[in-house]
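Have a look at the structure below before the remarks.
The values are calculated or read from the model by the stated rules, or taken from the named source; none is laboratory data. Note that the structure is predicted; figures quoted are calculated from it, not measured. Here the Cβ positions follow ideal geometry from the backbone for every residue, glycine too, while neighbour counts run over all protein chains shown. Just the protein is used for accessible areas: all its heavy atoms, side chains included, with ligands, DNA and RNA removed. Shrake-Rupley method; radii C 1.70, N 1.55, O 1.52, S 1.80 Å.
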Amino acid sequence: MKCPPLAAALLPLVLLGLSPSLTQAAADGVTPEQILIGQTLTLQGGKNEYGTAVLAGVQAAIEQTNRNGGVAGRKLVLKVMDDDNKSALAEANARQLVTQDKVFLLFGSIEGGPSTAVMKAAVDLKVPFFGPMAGSPTLRTPHQPLVFPVRAEHKDEFRALMLHARSLGMGRVAFVRSDSETGQLHLANVQRLARETGIEAVTDLPFKSDIGDADIAAMVRQLADSKAQMVFNHGGAGMYEKLIRQARQAGVKAAFYGVNSGSSQLASHLGELAHGMIFAQVMPSPWERKTALTRAYQDTFSSGQPGQPFSYGSLEGYLTARALIEALRRAGPNPSRDSFLAGLRNTELSIEGMKISYRDGTHTGMSLVDLAIVTREGRFRH
C-alpha cells in the first residue's frame, strides 16, 4: 500500500487526540461526525517497508473502530504526511497539520529524529503527541506532559541484550550508534547499563548518515582491535548490514545483536549471516497466537488488509492505534484536548492484556521487551 509522498492524504482511519488548555484550540479537529488526527510518518514514497507496515496496522484498527460506530459516535479520520525520514520535514509537517489542517492531535511517527522533531512542534504548539513509535530517550527524559509513548524505549532493549550476552559469558560489548545528540544520549545509557550489569563497554562506533565503505572498513578494524565479544546497534539498519558483512569478511568473531528498529529488513537482507542473531523486540511475535493481542491483531488485520503479511510493524501500528482509540474514549462524549489529557492522567490503559502506564512525571508507556532469535529459515523465534 502506498501513500502519496509529502502529501496530506485523507485516509478513512480512526484516531483521536490531545490538546492544550485553550478553549478555541480544544475544538480543533472535532465535529459531530468525525475526529481528525494528524500523522507525519516515514513512508519515503512507499519505499520504507516499516513505515508502510505501521500504517497498514493503524488503518486496520481504525477501520474496525469506524465500522463499529467510531468513538462517541464520531468516525476517526487520519491525515497522513510523508516526512521522508527527515527531521526538519517532520517538524514542518507537524506544524502544518496543527496550524493549517487543524487536527485534534499529533500521532504515531516513527524513527527517533522525526519523532523528536514532531515532539518539538507539539510542545511549542501545546498539542498532545500520542504514540511516537520510536525508542529515543528524548521522548521521556526530561518528562514531556504532552507526549505519550506506547512502546518501550531503546534503553530497555539495550538492557535486555546486554543481560543476555552476560548470561552467555560475554563481558566485552561494542555499541553502534548515530553520531548525533540523540546518539550521545543512547551512549550514556549504554555506559550506565554497563556499570549496572558488570559488562565492559569497550568501544563506541558512531556513524554519520552519509557514511561510506571506507568509513565502515575503519569501524571494522576498530571493532577487531577492541576484542568485543558482542556488538549491538540502536538504528541505521542499512549501515549495520554493511558493517556486519564487512566484519564477517574480515574474520571478526563477535556476536552481532540488534534492536527492533529495522530488524525484519536487516535479517532478510543478511540472509544466512543473520542466522542465530538475537534481536530485542518491543512487540510479541506477530506470527503466533500466544497472546490476546496477537490473536486480535491477526483477526483484524487479516480481515482489513487481506493478503498482507503479518509483521512487527503492522502489529505495533495496530496496538498504538488501539491505545489511542482507548485514550479518546476516556476523553468523554464531547472530547477536547483538556478532557483527553485528563483521561490519561495517572492511569493505565489495558489493550488486550498489554499494560500502558502514564503517571504524573513519568509517561512510561510499555516496558515489554521480548528477545527473538533468527532461525535457519530466516524466521524470528521468541
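Would you mind checking 75/155; 79/155; 79/126 for any pair whose Cα atoms are more than 27 angstrom apart? Check vs 27 Å cut-off fails for 75/155; 79/155. Between residue 124 and residue 49, the simple spin-label model (points 7 angstrom out along Cα→Cβ) gives 3.5 nm. When shorter helices are ignored and each DSSP H run of at least 4 residues is given -39500 (n - 2.57), the per-residue value for the chain at 222 nm works out to -13000 deg cm²/dmol.
Each peptide in 87-93, 49-55, 168-174 receives the mean, over its residues, of other Cβ atoms within 10 Å, and ordering these scores from highest gives 49-55, 87-93, 168-174.
Each of the peptides 149-160, 117-128, 294-305 was scored by the mean count of other Cβ atoms within 10 Å over its residues; in descending order, highest first, they stand as 149-160, 117-128, 294-305. With one equal scatterer per alpha carbon and no solvent term, the Debye-computed log10 I(q)/I(0) for region 280-330 at 0.15, 0.23 1/Å reads -0.39, -0.85. Residues 186, 382, sorted by accessible area with the largest first, give 382, 186 [1.4 Å probe; ligands and nucleic acids excluded]. Annotation: lysines with alpha-carbon distance below 17 angstrom to residue 253 (same-chain offsets under eight excluded): 227, 242. Within the chain, antiparallel bridges make up roughly 40 percent of the DSSP beta bridges whose residues both belong there. Using only Cα atoms and rounding to the nearest 10 degrees, what angle (0 to 90) does helix 237-249 make with the longest principal axis of the chain? Long axis of 237-249 versus the principal axis of the chain: about 10 degrees. With the simple spin-label model, which puts each label point 7 Å out from Cα in the Cβ direction, the residue 33 to residue 346 separation comes to 4.1 nm.
Could you please state, rounded to a whole Å, how far the C-alpha centre of region 47-111 is from the C-alpha centre of region 333-362? If you average the Cα positions of each part, the centres end up 19 Å apart. For region 77-193, the spherically averaged projection of the C-alpha convex hull amounts to 8.0 nm².
Scanning residues 5 or more positions from residue 351 or on other chains, those with amide H under 5 Å from its amide H are 356, with H placed 1.01 Å from N in the peptide plane.
Among 377, 348, 181, the order of accessible area from largest down is 181, 377, 348, computed with a 1.4 Å probe on protein heavy atoms. Relative to the longest principal axis of the Cα atoms of the chain, the long axis of helix 213-226 makes an angle of roughly 60 degrees. Classify region 20-124: rounded, prolate or oblate, from the alpha-carbon gyration tensor (a ≥ b ≥ c, eigenvalue square roots; a/c under 1.5 rounded; otherwise prolate if a/b is larger than b/c)? Taking the square roots of the gyration eigenvalues as a ≥ b ≥ c, region 20-124 is oblate.
In a Debye calculation with equal point scatterers on the alpha-carbon sites of the chain and no solvent, what is log10 I(q)/I(0) at q = 0.09, 0.11, 0.14 Å⁻¹? Results for the chain at q = 0.09, 0.11, 0.14 Å⁻¹ read -0.49, -0.73, -1.16. Between 0 and 90 degrees, rounded to the nearest ten: what's the tilt of helix 112-125 against the longest Cα principal axis of the chain? It is inclined by approximately 30 degrees. Within a straight-line Cα-Cα reach of under 21 Å, residue 86 can be paired with the following lysines, leaving aside sequence neighbours fewer than 8 residues apart in one chain: 2, 47, 120, 208.
Which of 249, 229, 44 moves the most in a Gaussian network model of the chain with Cα springs under 10 Å? Comparing 249, 229, 44 in the GNM, the peak value goes to 249. Model label sites at residue 253 and residue 222, defined 7 Å from Cα along the beta-carbon direction, differ in position by 2.4 nm. Which shape class applies to region 167-272: rounded if a/c is under 1.5, otherwise prolate when a/b exceeds b/c and oblate if not, where a ≥ b ≥ c are the square roots of the Cα gyration tensor eigenvalues? Cα axes put region 167-272 in the rounded bin. What is the distance in Å between the Cα centres of region 255-269 and region 182-217? So the two Cα centres are separated by 17 Å.
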